[in-house]
Amino acid sequence: MVGGVYRPRGAWWPAGGALAAGAAIGFVGAATAAAWAGAPPAPGYCWFYTDSSRTQGFWDRCPA
C-alpha cells in the first residue's frame with residue numbers, strides 16, 4: 001500500500017464518513033484505487049485520499 005492505512009487510529013467518524021469529518025478530500029472505488037493503493041482489506045471498502053495525487057490515504061467503508 002502506498003502511504004495507506006486502514007481507518008486511521010482514533011477515527012471518530014462513522015464508517016464512510018471521512019469526507020464529512022474532513023479527514024479526506026475525496027474517495028474512489030476499490031477497482032480504481034487498486035493500481036496505486038493495492039487491494040482493499042475487504043469487500044465494500046473505498047480508498048479515501050488525503051492529497052491531490054490520490055496516492056496518500058486510507059481504506060474505509062464506502063459511503064452508503
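Kindly write out, for region 51-64 in residue order, the coupling ³J(HN,Hα) from the Karplus curve 6.51 cos²θ - 1.76 cosθ + 1.60 (θ = phi - 60°), rounded to whole Hz, with x marking Gly and Pro.
Result, rounded to whole Hz: 9, 5, 6, 6, 8, 9, x, 7, 8, 8, 4, 5, x, 5.
May I ask you to compute the full-extension gain from ALA64 to ALA39, defined as 0.36 nm times their residue separation minus their alpha-carbon distance, rounded to one decimal in nm?
7.0 nm
Hey, can you grab everything whose amide H is under 5 Å from the amide H of PHE27? Only 5+ residues off in sequence or another chain; H modelled, so Pro and N-termini drop out.
Residues meeting the amide H criterion: TYR49.
Rule-based calculations on the coordinates, nothing more; no lab input. All values reported here derive from a predicted model rather than from experimental measurement.
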